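As structure tokens, the structure follows; a few thoughts come after it.
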Amino acid sequence: MMKNILEVNGLTKKYDNFELKNVSFNLPRGMIMGFIGENGAGKTTTIKSILDIIKDYSGKVKIFNLDYRSHEAEIKEEIGVVLDDMFFPEILTAQDIDNVMRGIYKNWDSNLFNNYLKDFDLPRNKQIKTLSKGMHKKLEIATALAHHPKLLILDEPTSGLDPVARSEVIDIFQDFIQNDDCSILFSTHITTDLEQIADYITFINDGEIVLSKTKDELLDEYGIVKCHEEEFNKISKKDYVKYKKNKCEYEVLVENKREFKKKYKFEVIDKMTLDDLMVLMIKGEK
Amino acid sequence: MIGFIRKDLAMIKSNFKLLAILTIVYLGMSLAGQMDISFILPFMCVMIMISTFSYDEFNNWNAYVVTFPNGRKNSVKAKYIATLLMIVIVTIITTILSFIISYVRTSTIDYINILEMTFGLIFGTLLVQTFMYPIIYKFGIEKGRIAIFIIVFGIVISGGLLSQFIDLSGVLNALSFLENYWVITIIILSVLLTYGSYRISLAIEMKKNF
């Protein structure tokens, strides 16, 4: 049985003012990968390249252990996608979407779609343009799930949702992943969602993958040291990842907090959140 | 592919009330002799299909389509099939209404004249749409309008200049034998133009970045 449901290898795409640089990562089967990075870091470009929405990239994408370019149609039957700002024309209704998708996916399940509509309190016969942003997003998610996909590729699926709706959506994703054959690639900058559900975190910055690790490994091993200037000056450059100088103290991101604690005798090393990681990796200095 | 056709038809259906009201107004005007319905309904058909492109573009549907199995290919194919369906529907409505108008206004029905007109109408509508679609696929609906204007302008100017320097009467004479076979000529031309236009649109769509 295949180990990875998605393998991205050396994805490179050049624009005039931006470059995706040799992006590589693997998403194991049965896992949720959080794909994080600031706006403009390359998350959407990577997802669009994986899905072939952007052409002319170099590199290889394998999904379900099949080469994406040569098995595109059969792979797409098994993928559910939510993209930022791309969806059905807004004069259509959920009923129309049901009719349309029945003619697009072999496995489209109208009953499942209707159940999601009920669960999400979405109207069947109202035009999409009359729905709130949150309802719109929930309709996109219901559409992505209703053909029994094995891989969900989600670009900012919780943006625009209030905390209650976000929690509903996260629950749906957790239900989806109960099936060991299914996986989710989840791009977001709302990292608290990922702290709840992600198994892996892949962090992209300026078109480059900075790290790709299990969430537990990341949150367990990395830490933040808060110290004064004289303490900071004693720390060797090779023992920290990045630091940020605040008004009264230094925040130092360390990769292995246990070893660091042993070596430098710091009493307290704070736990790191994914937000801390993003801020320090992007804004911090070396 | 059937899903994509359903999508275009659903979009057209959502404007059904407006279209029905316009048709009744134009029917009334045609009965009063102020308008010829045989031209206005095909024009509406073109506008309706163009509006589906506008909705697609506005909601980034074309990028979303790429995530579906054979999405790029099927969406283009479906657009042409939906267009042909619309042309057939509009032609049937126009022909029936023309019969009614002819009978009400003259107490007779000029079958030959109306059927000839219907045939020309199908060809004319198809010609406009097969010309416009590859341009819209290439440039999008907004820039496409400008491109269509420039291309039509270029064709008219170059045609005018060509006729100044080259005697086209020989070519026209050579083609005059087609007059006797105009029905089959129009059918063959329609098929060739539609297929050619579809292939160009598809080639554009298959290479497009969103």
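The values are calculated or read from the model by the stated rules, or taken from the named source; none is laboratory data. Everything quoted here is computed from the prediction, not taken from an experiment. Don't worry about glycine lacking a Cβ; one is built from the backbone with ideal geometry, like all the others, and counts go over all protein chains shown. For accessibility, only protein heavy atoms count, side chains too; no ligands or nucleic acids. Shrake-Rupley method; radii C 1.70, N 1.55, O 1.52, S 1.80 Å.
Odds and ends about this structure:
- Alpha-carbon Rg/Rh ratio, for region B:1-108, with Rh computed the Kirkwood way: 1.10
- Interface size B-A, as summed buried accessible area [1.4 Å probe, Å², nearest 100]: 2500 Å²
- 21 Å Cα-Cα threshold exceeded, pairs from A:Lys21/A:Lys271; A:Lys238/A:Lys286; B:Lys79/B:Lys143: A:Lys21/A:Lys271
- A Förster radius of 35 Å, combined with the Cβ-Cβ distance separating A:Lys262 from A:Lys21, puts the computed FRET efficiency at roughly 0.50.
- Kirkwood-Stokes translational diffusion coefficient of the protein assembly as shown, alpha-carbon pairs, 20 °C, 1.002 mPa s, µm²/s: 81 µm²/s
- Of the residues making up region B:1-26, those losing 50 Å² or more of accessible area when the isolated chain is joined by the remaining protein chains, with a 1.4 Å probe, are B:Arg6.
- The ellipsoid equivalent to the alpha-carbon distribution of region A:100-175 has semi-axes of 19, 16, 11 angstrom, derived from the gyration tensor eigenvalues as √(5λ) and listed largest first.
- Angle between chain A longest axis and helix A:274-283 axis [Cα atoms, degrees, rounded to 10]: 70 degrees
- In this calculation the C-beta distance from B:Gln164 to B:Asn113 is compared with R0 = 35 Å, giving a FRET efficiency of 0.50.
- Region A:9-44 and region B:101-166 have Cα centres lying 47 Å from one another.
- Within a Gaussian network of chain B (alpha carbon springs, distance under 10 Å), most fluctuating of B:Tyr133, B:Tyr26, B:Tyr181: B:Tyr181
- Here the contact order of chain A, divided by its residue count and restricted to Cα pairs under 8 Å and six or more residues apart, works out to 21 percent.
- Links that overshoot a 30 Å alpha carbon limit, given the list A:Lys261/A:Lys283; A:Lys14/A:Lys234; B:Lys13/B:Lys77; A:Lys43/B:Lys73; A:Lys137/A:Lys226; A:Lys126/B:Lys207: A:Lys14/A:Lys234; A:Lys137/A:Lys226; A:Lys126/B:Lys207
- R0 of 45 Å, Cβ-Cβ distance A:Asp275-A:Asp119: FRET efficiency to nearest 0.05: 0.90
- Here the label points at A:His228 and B:Lys73, each 7 Å from Cα along the C-beta direction, are separated by 7.1 nm in the simple model.
- Seen from all directions on average, chain A presents a Cα convex hull projection of 17.2 nm².
- 10 Å Cβ neighbours from other chains, averaged over peptide A:43-56: 3
- Full-extension gain in nm, A:Asp175 to A:Asn107, via 0.36 nm per residue minus C-alpha separation: 22.6 nm
- Rg [Å, one decimal], Dmax [Å, integer] - chain B, C-alpha atoms: 19.3, 58
- Helical contribution to [θ] at 222 nm, DSSP H n ≥ 4, -39,500 (n - 2.57), averaged over chain B, rounded to 500: -29500 deg cm²/dmol
- Surface composition of the protein assembly as shown: carbon plus sulfur atoms hold 58% of the accessible area, using a 1.4 angstrom probe and ignoring ligands, DNA and RNA.
- Full-stretch length increase - B:Phe139, B:Phe99 - with 0.36 nm per residue and alpha-carbon distance subtracted: 10.4 nm
- Ranked packing of A:202-213, A:10-21, most packed first, by mean Cβ within 10 Å: A:202-213, A:10-21
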